[in-house]
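Chemist: Dumping the structure here so I can ask a few things about it.
The values are calculated or read from the model by the stated rules, or taken from the named source; none is laboratory data. Computed from a predicted structure; not experimentally measured. Note that we place each Cβ from the backbone using ideal geometry, even for glycine, and neighbour counts take in every protein chain shown. We work out accessible area using only protein heavy atoms, side chains counted, and drop any ligands, DNA or RNA first. Shrake-Rupley method; radii C 1.70, N 1.55, O 1.52, S 1.80 Å.
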Amino acid sequence: MDYRIGHGYDVHALADGLRLVLGGVEIPHAKGFVAHSDGDVAIHAVCDALLGAAALGDIGKHFPDTSADYAGIDSKILLRRVAAMLREKGYEIGNVDCTIRMQRPKLRPYIDAMRAAMAGAMGVDDDRVSVKATTTEQLGFEGREEGVSVTAVALIYKK
């Protein structure tokens, strides 16, 4: 078996009155992402981890924020396309794991829905997707509620 590991990171600013979409799930909140797409930093970090594992570049290479084609796009569509790219190269997704850093709101009630949404977009079982959330104890831009950051790792393989 040919195993590969990739790492991804994304960050977006928060602003009042915008949609907050994380892991493919819209979450009620006073603030949302300033972004070209829906701003789903969790999915963007997972995309980068998967693309990196296959040495296929990054999300900006495949879905540039300068293209009108991706304005407001649902990031689950991007994740579905990334999974298809990997399968075209003969890879399967072993698992993905991401950590969301955000002060508020509490994300525990949404974690299972995020796992299911991302798993569905990748065409894998829910137990291959891990989502964790943490605050930064009011430190840094996440703690001041200026933005959200996500790191992700992914394992892909060829039989």
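Chemist: Counting Lys and Arg as +1 and Asp and Glu as -1, each charge on the Cβ, what is the dipole of the chain about the Cα centre in debye, to the nearest 20?
Modeler: 280
Chemist: Moving on to the next point. On full extension of the chain, what length is gained from Arg144 through Leu56, given 0.36 nm per residue of separation minus the C-alpha to C-alpha distance?
Modeler: Fully extending the segment from Arg144 to Leu56 adds 28.2 nm.
Chemist: How far is it, in nm, from the label point at Ala113 to the one at Thr99 when both lie 7 Å from their Cα along the line to the Cβ?
Modeler: Placing both labels 7 Å along Cα→Cβ, they lie 2.5 nm apart.
Chemist: For mean projected area of the Cα convex hull in nm², the listed values are [x] 9.5; [y] 8.6; [z] 13.6; which was obtained by calculation from the structure presented?
Modeler: Among [x] 9.5; [y] 8.6; [z] 13.6, the one derived from this structure is [y].
Chemist: Would you mind classifying the range 1-92 by shape? Square roots of the alpha carbon gyration tensor eigenvalues, ordered a ≥ b ≥ c; an a/c under 1.5 is rounded, otherwise it is prolate if a/b is larger than b/c and oblate if not.
Modeler: Note, shape of the range 1-92 comes out prolate.
Chemist: Still on this structure, I have one more. Sorting check: for 87-93, 150-156, which peptide has the highest mean count of neighbouring beta carbons within 10 Å, and how do the rest follow?
Modeler: 150-156, 87-93
Chemist: Suppose all protein chains stay in the model; what accessible area per residue would a 1.4 Å probe give for the range 38-159, in Å²?
Modeler: 45
Chemist: I would also like to ask the following. Roughly speaking, to the nearest percent, how much of the range 31-120's 1.4 Å accessible area is carbon and sulfur?
Modeler: Exposed carbon and sulfur together represent 50 percent of the surface.
Chemist: May I pose another question? Could you rank Thr134, Thr66 by how accessible they are, 1.4 Å probe, largest area first?
Modeler: So, going from the largest accessible area down, we get Thr66, Thr134.
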